[in-house]
1. When the residues of region 349-363 are filtered to those that are within 14 Å of the ligand (Cβ to nearest atom) and aliphatic (A, V, I, L, M), which remaining residue is surrounded by the fewest Cβ atoms within 10 Å (Cβ to Cβ)?
2. What number of residues in region 556-573 are more than 12 Å from the ligand (Cβ to nearest atom) and touching a Phe, Trp or Tyr at 6+ places or on another chain (Cβ under 8 Å)?
3. Go through (1) out of contact with any Leu (no Cβ under 7 Å at 6 or more places or on another chain); (2) outside any loop (DSSP other than H, G, I, E, B); (3) not aromatic (Phe, Trp, Tyr) for GLU409 and report which single condition fails.
4. What do you reckon, is THR36 without any contact (Cβ under 8 Å) to a residue 40 or more places away in the chain and buried (at least 19 other Cβ atoms within 10 Å of the Cβ)?
5. Could we say that LEU346 is touching a residue at least 12 places away in the same chain (Cβ under 8 Å), within 14 Å of the ligand (Cβ to nearest atom) and over 24 Å from LEU584 (Cβ atoms) here?
6. Among ILE217, ILE251, ILE207, which is the only one that is outside any strand (DSSP E or B) and β-branched (Val, Ile, Thr)?
7. Out of the residues in region 384-418 that are within 16 Å of the ligand (Cβ to nearest atom) and of a type in the set (S, T, N, Q), which is farthest from GLY288 (Cα to Cα)?
8. Which of the residues belonging to region 285-302 are over 16 Å from THR397 (Cβ atoms) and either out of contact with any strand residue (DSSP E or B) (no Cβ under 7 Å at 6 or more places or on another chain) or within 13 Å of the ligand (Cβ to nearest atom) (or both)?
Amino acid sequence: MCGIVGYVGSRQAKTVLLGMMLRLEYRGYDSCGLATVETGVNLVKAATRVQDLADRGMEMPGTYGIGHTRWASVGTVTQENAHPFMACDQAVVIAHNGNIKNFAELKKRLENSGHQFSSQTDSEVIAHLTEEYYQGDLVDALGKAVKELDGPFAVIALHPDNRRLVAAVNGCPIVIGLGEGENWLASDVPALLEYTGRVIHLEDGDIAAVEADSVKIYAKGRLVSRANQTIGWAPEAVARAGYQHLMLKEIHEQPRIIRNIIQRKQSAWLPGDSFGETTCGVLLIGCGSSYHACLAGKILIERLSGIQANAELATELFDVTGSTRRYRAVIGLSQSGETADTCAALDRQRQAGFYTVAVSNVPGSRITRLAEQTILTDAGPEMSVAATKSFTAQLVTLLNMGLALPLKEPKRALDLTGELRALPARLQRILDREDAHASAARWLASFKNIICIGRGIFLPIALECALKLKEITYIHAEGCAAGELKHGTLALLSPVTPVIAFMGTDETRAQMLTAIREVKARGVPVLAIAPEGEEDLEDLADRVILLPRTDPLLQPVLAAAAAQMLAYHAALSLNLPIDNPRNLAKSVTVE
Ligand code: AGP
């Protein structure tokens, strides 16, 4: 949430910063601003999108500066509340990502000592506090200021006294991009790819002083060295590449990504059973789409290995589960690797002594640094707010993880090998049927409420379909276990509230048919998404989308792709901002 960027070098900072801000808009796009320094500070900010600000063509000379794209948390969306913030001396300037819980007390104190505030935000206190401590050394001043903050933060500060950017982090990310005679700072790697693949991820507690030809990092007042990492992502990976939206491009990348994942053999990842009889398998945690992948992962792991698995929302996992259960491993799923709730929950489990595994799409991200073991989903950078390729990559990665465990039926691995190999081509067949999805999607877009149903491993897909619809079409959609309809949700159904039914090929098939009949008996429109071979459904459902048939454990991957296409085309027909839906940010870095 919120993207912050910085540049120091010999190029015109304005152009570099605006380009980086555009790349980070998925972290927030309520308002934006930037500051550059030539002799004094030039600062421009507005409650607008980055491109609109760039189109203003303002004069902002200077070869170092900072920028910000905001997801409002404290203070409404106005120009005054946009970042960067300048302190009273018009010299200390900061951009912040995070949540300062004690800002009201700090603000009162600073106001009492004469500081004048221009915004309602929590962030502005950091500028005034830094100014309060500033005596010619910005590293010292920002270091003292952030010691007073309660809550997660990533801050970049500048002062026209020195051609230097100073960054401080605690709980929110900052990556330093390393160049020759120039360096960059950003909340996330995609902002850096155009310039460099060499990066350093700052650790909590770090203060970095970044100049054009030097980077110094301090922890607890001492100079420390942090490992350089090389990011293998190409700059084109974050571009639309001729597609109308990043979401559509990312949907279409799935066959290639899945081909790569299945070619990779997952090595043993689960530690031995050190808790003996009291052990309770593995726990999967995540938020949003990653949580839905956890729900599917639970079924995949249990069906393949017989090892018990549980899935929990990271947002609801406050307790250290060790008090009641001993898990052999706690697996945190996070596309971004920065979701504060998932990182915090996994960290609590780690501190309680559990073995932790991160399943993430972003090498070097926070979750990968806190877990004992990392398994990368390798879907490449995902820029659209709605998770698509990362979700199916998580499903296939979890299947691989299941296959790397001692299997209940070793022959099962052989059956799956052929089906896995055929999966990318089958997925491609779905993506090639754009018209069928677009037509069903236009029909769906005419409703105000939609209920998505599934059973077994298709329940997570129904939940994911509802989430996709909510996120990008703003249609109220709910995912519901098909068997639960009769226990309440059926009361919502009517000829103007349709059902999307995800049919499985496993033992849940008959029950799904019963659910569809019950729904149809009440005059409710039904769109069935089913494997080929279910042509008879055309007599029962109003619309049917048939998908290639595969192994029951792989069918959800195909169903997820169909759900993504439906949501995408529904949003397209409603003319909505698909890649940047209202109120949402891709990386949720505050709890
Ligand atoms: C998915 O479409 C959403 N944008 C959202 O639910 C997301 O999956 C969630 O915020 C978790 O993100 P993560 O995977 O990066 O942790």
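1. Step by step, filter region 349-363, then rank; the result is ALA358.
2. 2
3. (2)
4. yes
5. no
6. ILE251
7. Filtering region 384-418 for residues that are within 16 Å of the ligand (Cβ to nearest atom) and of a type in the set (S, T, N, Q), the one farthest from GLY288 (Cα to Cα) comes out as THR397.
8. Once the filter is applied, which keeps residues that are over 16 Å from THR397 (Cβ atoms) and either out of contact with any strand residue (DSSP E or B) (no Cβ under 7 Å at 6 or more places or on another chain) or within 13 Å of the ligand (Cβ to nearest atom) (or both), region 285-302 yields CYS287, GLY288.
Read-outs throughout are calculated quantities, based only on the coordinates presented, and are distinct from any laboratory measurement. In this text the structure is predicted, and so the values were computed from the model without any measurement. Glycine also receives a Cβ, built like all others from the backbone with ideal geometry; neighbour counts cover every protein chain displayed.
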